[in-house]
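S.K.: Just dropping this structure here.
The values are calculated or read from the model by the stated rules, or taken from the named source; none is laboratory data. Please read these numbers as outputs of a predicted model, since none were measured by experiment. Neighbour counts run over all protein chains shown; Cβ positions are idealised from the backbone, glycine included.
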Amino acid sequence: MLGRIRGGVHPPGNKDFSADAAIRELAAPSTIIIPMHQHIGAPCTPRVKKGDEVYVGTVIGDSDSYVSAPVHSSVSGVVIQVAPQAHPTGGEVLAVLIDNDGEYLGDPSLAVPGPWEDMEADEIRQGVRDAGMVGLGGAAFPTHVKLSPPREHPIDTVILNGAECEPFLTSDYRLMLEQPEAVLEGLRIIMRAAGAARGIVAIEDNKPQALKVMAMANRGGGIEVTPVATRYPQGAEKVLIASLLGREVPSGGLPMHVGVVVNNAGTAHAIARYFSTGMPLVERVVTVTGSVVREPSNLMVRIGTSFSAAIEACGWFTEPPGKVLMGGPMMGLAQYTLDVPVIKGTSGILALSRGETEYSIPSEPVCIRCGRCVDACPMGLIPTYLASYAYSEKWDAAARLNIEDCFECGCCTYSCPTKNPLVQLIKTGKKELARRKKRLESQASKVAASGREGEGGNG
């Protein structure tokens, strides 16, 4: 077993809050809010309007862009309106609001795709796309794109990420304990779509029960259930690839460049469900947890359910929270309202006390050159320099130090003794570089278009 990672940290796991809580179904509220942007890539365009009748599984948004994923109604009822709504990743996003009739009638067009064993890889990928599948570990990258590498990058291994290294979160853990056969079935479907002969289920060694249950359910077929060392961020795909296979994804590269596809256990479960029932991605398991949640739970939640409804189902708060996050404490996003909806990428809702979240941030970065952030970075970057360059708006210098390779795991900020907001500054730098790139591409496109018009005039 390789299983060890470069850098990383050991934050308190805090999984005991919800690890023993079996998954239970949450009844959807009377109004569902389903955003048109729940994934990396192009947002969807609404395919319904006010007054339209919808069913569970009805496509209510889609895009012609390749890097996108359709959005489906999670309830049956009537569209109330299509309007911008608060989004858990920040700001407002166009969303479809549905009056839930409580009947949960399935869309008449839904059908079981057929035995996936008899399907070609292209057919499976199309089905995955039609079902709106995205990575359910939090990144929400469209799954059909991951499963469609170019021919020059053949895939030999699929890694199923069951590490769930983010503190507090236990949704994948419970899925592996309660429905291991479905998780493994999803992995086999993914392997067929990717053309991979080998599958590895990676689970941190602090989850012995999950390792045991998954190993007992595994019937071979090129699949191994493998423990990896417990250390955050073991579950990051580039880290898992290095831990399990000793392969390093090149700077700026993707897992496919080293012959690997990494998918989440929750994603595999959702894919298996689609190919057995025909039901697209309309719900997911969400861990609602934290020191101020009265009854920490793992809930099967319909997409579009408000955070407040999910927390209410867990007995609400024992005291006013200091902060509520979507996700875990290392990579989660702070919320300013509980009226935001659960989206495909909502792996958890974490509520922390005021004592746990109160700390002061320096008015400007203060680096004491201790090197802890460098030691902790799993990508071998120099976070203090990247943050300093972002703070000073030295964008080109940040780019030269491969700021784009940072996947924002938070190890540097966690390790910093002066509490510098390193990740936030690095995020700012990455966003600015993305804006600059987009602006340059737009300018180049305009120049090219102008040249073509000139050529036409000369003709």
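S.K.: Can you find, within segment 195-209, the residue that is farthest from I5 (Cα to Cα) among those that are crowded, with 23+ Cβ neighbours inside 10 Å and over 20 Å from the mean Cα position of the chain (by Cα)?
M.R.: This residue is G199.
S.K.: Those residues that are outside any strand (DSSP E or B) and under 29 Å from I189 (Cβ atoms), I need them from segment 272-293; list them, please. Before you say what the answer is, go through the steps one by one.
M.R.: The initial filter retains those residues of segment 272-293 that are outside any strand (DSSP E or B), namely 272-282, 290-292.
Listed by number, the residues that qualify are A272, R273, Y274, F275, S276, T277, G278, M279, P280, L281, V282.
S.K.: A follow-up question, please. Mind counting the residues in segment 62-77 that are loosely packed, with under 15 Cβ neighbours inside 10 Å and not hydroxyl-bearing (S, T, Y)? Break it down stepwise before answering.
M.R.: Looking only at segment 62-77, we keep the residues that are loosely packed, with under 15 Cβ neighbours inside 10 Å, and these are 64-67.
Restricting the remaining residues to those that are not hydroxyl-bearing (S, T, Y) gives 64, 67.
Summing the residues that are loosely packed, with under 15 Cβ neighbours inside 10 Å and not hydroxyl-bearing (S, T, Y) in segment 62-77 gives 2.
Conditions (1) among the basic types (K, R); (2) within 22 Å of A27 (Cα to Cα); (3) not assigned by TED's automatic domain parsing to the domain that holds A197, marked per residue:
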site	(1), (2), (3)
A270	no, yes, no
E312	no, yes, yes
P320	no, no, yes
Y336	no, no, yes
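S.K.: Separate question: If only one of P320, P329, P365 is touching a Leu at 6+ places or on another chain (Cβ under 8 Å), in a loop (DSSP other than H, G, I, E, B) and over 30 Å from P142 (Cα atoms), which one is it? Give the derivation first.
M.R.: Details: P320 fails: touching a Leu at 6+ places or on another chain (Cβ under 8 Å); P329 fails: over 30 Å from P142 (Cα atoms).
Among P320, P329, P365, only P365 is touching a Leu at 6+ places or on another chain (Cβ under 8 Å), in a loop (DSSP other than H, G, I, E, B) and over 30 Å from P142 (Cα atoms).
S.K.: Taking G199 as the residue in question, decide whether it is assigned to a helix (DSSP H, G or I) and under 18 Å from R125 (Cα atoms). Working first, answer last.
M.R.: Working: assigned to a helix (DSSP H, G or I): no; under 18 Å from R125 (Cα atoms): yes.
Against the criterion (assigned to a helix (DSSP H, G or I) and under 18 Å from R125 (Cα atoms)), G199 does not qualify.
S.K.: Within segment 118-162, how many residues are farther than 17 Å from G186 by Cβ, among the basic types (K, R) and touching a strand residue (DSSP E or B) at 6+ places or on another chain (Cβ under 7 Å)?
M.R.: 0
S.K.: Suppose we filter R247, R219 for residues that are surrounded by fewer than 20 Cβ atoms within 10 Å (Cβ to Cβ), touching a helix residue (DSSP H, G or I) at 6+ places or on another chain (Cβ under 6 Å) and outside any helix (DSSP H, G or I); which single one remains?
M.R.: One residue alone meets the criteria, R247.
S.K.: Looking at segment 368-405 only, could you name the residues that are free of Cβ contacts under 8 Å to residues at least 60 places away in the same chain, among the polar types (S, T, N, Q) and surrounded by fewer than 16 Cβ atoms within 10 Å (Cβ to Cβ)? Working first, answer last.
M.R.: If we filter segment 368-405 for residues that are free of Cβ contacts under 8 Å to residues at least 60 places away in the same chain, which is where we start, we get 368-374, 381-401, 403.
When the remaining residues are screened for being among the polar types (S, T, N, Q), the result is 384, 388, 392.
If the condition is that a residue be free of Cβ contacts under 8 Å to residues at least 60 places away in the same chain, among the polar types (S, T, N, Q) and surrounded by fewer than 16 Cβ atoms within 10 Å (Cβ to Cβ), then S392 is the only one that fits.
S.K.: Going through segment 92-119 one residue at a time, which ones are closer than 26 Å to P43 by Cα, among the acidic types (D, E) and in contact (Cβ under 8 Å) with a residue 40 or more places away in the chain?
M.R.: D99, D107
S.K.: Report, ordered by the first and then the second residue, all pairs with beta carbons closer than 7 Å, sequence separation of six or more or different chains, a first member in segment 225-245 that is touching a residue at least 60 places away in the same chain (Cβ under 8 Å), and a second member that is in a helix (DSSP H, G or I) and hydroxyl-bearing (S, T, Y).
M.R.: That search, which allows pairs on different chains as well, returns V228/S243; Q234/S243.
S.K.: Of the conditions (1) touching a strand residue (DSSP E or B) at 6+ places or on another chain (Cβ under 8 Å); (2) without any contact (Cβ under 8 Å) to a residue 60 or more places away in the chain, E166 fails just one. Which one is it?
M.R.: Of everything listed in (1) touching a strand residue (DSSP E or B) at 6+ places or on another chain (Cβ under 8 Å); (2) without any contact (Cβ under 8 Å) to a residue 60 or more places away in the chain, E166 misses just condition (2).
S.K.: Which of (1) touching a residue at least 40 places away in the same chain (Cβ under 8 Å); (2) closer than 26 Å to S297 by Cβ is the odd one out, the single condition S76 does not satisfy?
M.R.: That leaves (1) as the condition not met.
For (1) outside any loop (DSSP other than H, G, I, E, B); (2) at pLDDT below 95; (3) within 27 Å of R174 (Cα to Cα), each residue gets a yes or a no:
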site: G51; (1), (2), (3): no, no, no
site: I60; (1), (2), (3): yes, no, no
site: G90; (1), (2), (3): no, yes, no
site: E103; (1), (2), (3): no, no, no
site: L110; (1), (2), (3): no, no, no
site: V128; (1), (2), (3): yes, no, yes
